[in-house]
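Reading through the structure tokens given below for one structure.
The values are calculated or read from the model by the stated rules, or taken from the named source; none is laboratory data. Because the structure is a prediction, the values reported are computed rather than measured. Here the Cβ positions follow ideal geometry from the backbone for every residue, glycine too, while neighbour counts run over all protein chains shown.
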Amino acid sequence: MHDVMQSPRSFYTTPQGLATAARVAAAMRRIWPMLGGLSVLGVGDASACLAHLGDAGTRRLAASILSGPSAGGRADAVPLCVADECSLPFCDGAFDRLVLVHALRARTNPLPVLREASRVMKDDGRLLLAIPSRLAGRTRLRGTPFAADTAWTRGGIRQALAAAMLRPERWDEALFLPVWPGAGAGPVFGAVASLFTRLGGMSSMRGLSVDRVGRLVCPGAAGVILVEAVRDVYCARPVASGTGRRWLSRVVMPAHGAAREHTRDDTPHGLNTLP
């Protein structure tokens, strides 16, 4: 029964959820290796990933509409506050870094979440978004909360960020393969995952992580896309008016009555001629 969807809170308390969060957080640490002395806010259900980021000097806080144990049942790992992603109870520019995991969920319009995240981010702050890839990402992540999130392409998320006055800076990927065989990814991915397991485990293969091998062998084919974004007030794009004009209406047509009748000697009526 791997297709039964668990809530993010209950999923990240299971062994599969802990392994999934560790692999996503490993990709986040490649982008943000040093977070000492910074304040980091997790939006959505990011507490499990936040537990792997930063050090003792990092001030971490998770904001989610769901309550419950944080970071794999460790209540003291990351403090949690219950809040709506579209209305965060923080002042402007309160955090240095923001991590969005399962924040967009199945939203058809991600702009309220992205704009609210940009509001509580400092002027020189950075935002890190983890979303499933549209390239069969949700199919490979069945049985995880990512399967219920809206899948994106790089072009689509770039347009959404631009509408929220954000600019992508760096990209990365994670979860090229399911965490282990039988995770609901189908027989093909299950057989490949079983091969990696026999070679030395899903987390490593002769010292190299599976995701690192995937980035070298098939870049762009991961299940989860990670994008780091910064503020950019010059990248906003105008919203379409919705009342599009047909191409024929843009053709210049003569106004009614502009054409006049000509005589046989090609002299228009009504025009004064010299004697």
Q.
Checking MET205 against (1) surrounded by fewer than 21 Cβ atoms within 10 Å (Cβ to Cβ); (2) modelled with pLDDT of 80 or more; (3) in contact with a helix residue (DSSP H, G or I) (Cβ under 6 Å, 6 or more places away or on another chain), only one condition comes out false. Which one?
A. (2)
Q.
So LEU53 ticks every box in (1) at pLDDT 90 or above; (2) surrounded by fewer than 18 Cβ atoms within 10 Å (Cβ to Cβ); (3) within 30 Å of ASN109 (Cα to Cα) but one. Which box is left unticked?
A. (2)
Q: Working carefully through the options VAL113, VAL101, find the one that is touching a helix residue (DSSP H, G or I) at 6+ places or on another chain (Cβ under 6 Å) and either modelled with pLDDT of 85 or more or of a type in the set (Asp, Glu) (or both).
A: VAL101
Q) Out of all the residues in segment 85-97, is one or more surrounded by 20 or more Cβ atoms within 10 Å (Cβ to Cβ), modelled with pLDDT of 95 or more and under 16 Å from ALA27 (Cβ atoms)? A) yes
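Table: residues versus (1) touching a residue at least 40 places away in the same chain (Cβ under 8 Å); (2) more than 26 Å from LEU18 (Cβ to Cβ); (3) touching a Cys at 6+ places or on another chain (Cβ under 7 Å).
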site	(1), (2), (3)
ASP84	no, yes, no
PHE90	yes, yes, no
GLY93	no, yes, no
ASN109	no, yes, no
LEU114	yes, yes, no
ARG119	no, yes, no
LYS122	no, yes, no
GLY125	yes, yes, no
PHE146	yes, no, no
Q) Across segment 5-29, what is the total count of residues that are in contact with an Asp or Glu (Cβ under 9 Å, 6 or more places away or on another chain), buried (at least 16 other Cβ atoms within 10 Å of the Cβ) and not aromatic (Phe, Trp, Tyr)? A) 6
Q: Residue by residue through segment 140-166, note down the ones that are farther than 24 Å from THR13 by Cα, of a type in the set (Val, Ile, Thr) and assigned to a loop (DSSP other than H, G, I, E, B).
A: THR153
Q. Can you find even one residue in segment 12-32 that is at pLDDT 95 or above and assigned to a loop (DSSP other than H, G, I, E, B)?
A. yes
Q) Within segment 33-60, can you find the residues that are in a helix (DSSP H, G or I), touching a strand residue (DSSP E or B) at 6+ places or on another chain (Cβ under 7 Å) and free of Cβ contacts under 8 Å to residues at least 60 places away in the same chain? A) SER47, LEU50
